[in-house]
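The values are calculated or read from the model by the stated rules, or taken from the named source; none is laboratory data. Here the structure is a predicted model, which means the values were calculated and not measured. Don't worry about glycine lacking a Cβ; one is built from the backbone with ideal geometry, like all the others, and counts go over all protein chains shown. In case anyone asks, the SASA skips ligands and DNA or RNA and just uses the protein heavy atoms, side chains included. Shrake-Rupley method; radii C 1.70, N 1.55, O 1.52, S 1.80 Å.
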Amino acid sequence: MLPMNWILDRLPMTNNRLLRSHWAVRKREKTAWGVLLRSQHPPPQQSEGKRRVEITVFRNRLQDKDNSYASVKPLVDALVHQGFLEDDRPALLDLQVRETQVPRKEQRTEVLMLE
């Protein structure tokens, strides 16, 4: 599988907001990420084996490290649900999440998937 790169004009919900949300809101969040992912790359026929995923969130206000990892859970779940990842178990996913501070107009999420 070749490396895949997504540049998405959407930010993950903060973890505190996500945890306080109704289950239907969390489901819509995962579905919205899936639609965005598919809009840039068709899902592969088969995704087996360990993958490295680097997610960089460009935000106006940065979160602490544990919240930044927790906030991308719907995005990672969408990668699994759409077939880009086999599973999000540590044996099959090497995940790295970074946040970078940018002006509000430049906020976005970038996802890079490597073998």
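Of note:
- Surface share of carbon and sulfur [accessible, 1.4 angstrom probe, percent] for the chain: 50 percent
- Candidate aspartates and glutamates for bridging to K105, where Cα separation is under 19 Å - those fewer than 8 sequence places away on the same chain excluded: D9
- Charge tally for Q96 (other residues, Cβ to Cβ under 10 Å; Lys, Arg +1; Asp, Glu -1): 0.
- A cut-off of 5 Å between modelled amide H atoms, ignoring neighbours fewer than 5 places along the same chain, links R10 with T109.
- Our helix-only sum for the chain, with -39,500 (n - 2.57) per DSSP H run of n ≥ 4 divided by its residues, gives a mean residue ellipticity at 222 nm of -10000 deg cm²/dmol.
- Distance between segment 71-115 and segment 1-45 - C-alpha centres, whole angstrom: 8 Å
- Extreme residue, positive dipole direction of the chain, given options T14, Q46, L36 (C-beta unit charges): T14
- Reach of K30 by Cα under 18 Å, taken over lysines that are not fewer than 8 positions away in the same chain: K73
- Most fluctuating residue given options D66, D88, D77, as computed from a GNM of the chain linking Cα atoms under 10 Å: D66
- Virtual spin-label span in nm between W23 and Q101, 7 Å along Cα→Cβ: 3.9 nm
- Taking the DSSP bridge list for the chain and keeping only pairs wholly inside it, about 55 percent are antiparallel.
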